[in-house]
Amino acid sequence: MNPVTPSPKPSVSLIRAHSYDRPHLDRSLLDLLEPLGGMEHFVKPGNRVLLKPNLLTGARPTKECVTRIEWVAAVARLVQAVGGKPFLGDSPAFGSALGVARANGYGPLLAELEIPVVEFQGKRYPTDNPDFNHLRLSKEAMEADVVINLPKVKSHMQLTVTLGVKNLFGCVPGKMKAWWHMEAGKDRERFGLMLVETARAIDPDLTLIDGILGHEGNGPSGGEPRELGLLGASSHVFALDRALVSVLGVDPAQVPTIVASQSLGLCSDVSAIEFPRLTPAEVQVSDWQLPTNLLPIDFGAPRVLKSTFKHLYIRFIKEPMGAYR
C-alpha cells in the first residue's frame, strides 16, 4: 500500500451512471478512472488486490444495504485485465463474509471470475495516534499489495452517513467492531477519530463508491433504496467522503468522520479538491433522507454480548446448516 502523503489538491472523479448493466457499467468505470490514470495506475501485474465491499448483512438483499455485486464484478474484471489478482474480504456485522456475499447473490459471479473470499484475521498494527495502538486490523488488508475500497452511499443512524471511511471499519475483524462501539462510542468525537485512524492505517490505494442506487433514511440497513445515478472515485478516501457529503447536502459538522479528518488536516473543504469530471454541484442530490433520529454510538455491555452471540450463531450454526438445504 502507498504511504499516506497529504496532497494540497486531491482529485475526486464524479460521473453520472444509471445502470448496473454490464456493458454500461464497464464503460462507466473506465470513464470514472481515466482522469486518475486508469486502473493500471493503481494495479501492477501480479499484485494481490483486496476488494473491500460493504457486506453489512444478508438479511435485506433487496434493500441496497450492500455494495452491488455488479459493481464489484466490474472492478474485479478491470483488475484482472491489467494483471492483478483480486480477492474479496470483509467483516460483516453478523455471519461470515462468504455467507453474506452468497445471501446477496455474489456466488455465481465470484465463481465465474474465480475470486476467492477471505475471512479477516486480526493483528495489532501501530497507528499514527498512540491512543488507538490496541486497535486490531485485518492482516489480509494490511498485507495486500493493493486495497480497493468499495463502499455504498448510505445514511446511518449513528454516524449520519456511511461512505468510504466508515466502510474501512469492516477491516476490524470479527466482533471487535462491537467492542470498539462500547469503548469509543461514549464520545462521538473519539469514535469518529478512531474510524479515521483505522482508514489511515489501512490506507486504501483507491476508493470507488457505488451511488447508482443508494440507501437513505434509517440506514445502514433499515432504510430504503434511492436512485442517485452517480459513481465516485479517488485515491484520497477523505476527499471523496467530503465531496459526497456535499453532493448529498449534508452538513459536514454532523458527520463525525468528516469532523475528525478535518481536525487532522486530511481534507479541509470542497474548495481544496480537484474535480476532473463533474463537480458536486453538477450531481447534487435533492431531499436526501437522513435518519429520523440519530442513535447513540455507544454499545452497552449487554448489547455487545448479544451481538457477539448472534454473530457466532449465524457464523457457526446457521450458515453451516444452510449448506444442507
| residue 63 accessible area, nearest 10 Å², 1.4 Å probe? | 50 Å²
| query | Counting only the backbone N, which residues of segment 236-255 are under 20 Å from the spot 7 Å out from the Cα of residue 224 toward its beta-carbon? | reply | 248-249
| Antiparallel DSSP bridges in segment 1-152: what percent, to the nearest 5? | 20 percent
| query | Regarding segment 185-234, what are the three Cα extents along the principal axes, ordered largest first, in Å? | reply | 32, 29, 13
| query | Quick one: net charge of residue 262's neighbours, Cβ under 13 Å, K/R +1, D/E -1? | reply | -3
| remark: If every Lys and Arg gets +1 and every Asp and Glu gets -1 at its Cβ, then about the Cα centre segment 26-146 yields a dipole, in debye to the nearest 20, of 340 debye
| task | Can you figure out the FRET efficiency of residue 87 with residue 263, using R₀ = 41 Å and their beta-carbon distance, to the nearest 0.05? | result | 0.75
| message | What FRET efficiency comes out for residue 133 versus residue 63 if R0 is 41 angstrom and r is the Cβ-Cβ distance? Round to the nearest 0.05. | response | 0.65
| remark: Dividing the mean separation of Cα pairs under 8 Å (6+ apart) by the residue count of segment 1-105 yields a relative contact order in percent of 30 percent
| Applying the Karplus parametrisation 6.51 cos²θ - 1.76 cosθ + 1.60 with θ = phi - 60° to the phi angles of segment 283-288, what ³J(HN,Hα) value in whole Hz is obtained for each residue in order, glycine and proline being reported as x? | 10, 4, 9, 9, 6, 4
| Across segment 139-153, in residue order, what do the Karplus-derived ³J(HN,Hα) couplings come to in whole Hz, using 6.51 cos²θ - 1.76 cosθ + 1.60 with θ = phi - 60° and x for Gly and Pro? | 4, 5, 6, 5, 9, 5, 5, 9, 10, 10, 8, 10, x, 10, 6
| note | Scattering profile of segment 1-147 from the Debye formula, Cα beads only, expressed as log10 I(q)/I(0) at q = 0.10, 0.18 Å⁻¹, is -0.40, -1.23
| field | Amide hydrogen neighbours beyond the local backbone of residue 226, cut-off 5 Å, H modeled | value | 214, 215, 216
| task | Give, in nm to one decimal, the length gained when the segment between residue 271 and residue 21 is fully stretched (0.36 nm per residue of separation minus the Cα-Cα distance). | result | 86.6 nm
| How much accessible area does residue 65 have with a 1.4 Å probe, in Å² rounded to the nearest 10? | 0 Å²
| field | Cβ-defined net charge surrounding residue 123, 12 Å radius [Lys, Arg +1; Asp, Glu -1] | value | +1
| Any idea how far the Cα center of segment 13-57 sits from the one of segment 83-114, in Å? | 17 Å
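Beyond 18 Å between alpha-carbons counts as too far, so tell me which of 44/152; 85/166; 63/154 fall in that bin. Mind showing how you got there, number by number?
On the way: 44/152 26 Å; 85/166 25 Å; 63/154 11 Å.
In this structure, 44/152; 85/166 exceed 18 Å between Cα atoms.
The values are calculated or read from the model by the stated rules, or taken from the named source; none is laboratory data. Note that the structure is a prediction, hence the values are computed from the model and not measured. Glycine gets a Cβ as well: all are built from the backbone with ideal geometry, and neighbour counts include every protein chain shown. Keep in mind that these areas ignore ligands, DNA and RNA; they rest on the heavy atoms of the full protein, side chains included. Shrake-Rupley method; radii C 1.70, N 1.55, O 1.52, S 1.80 Å.
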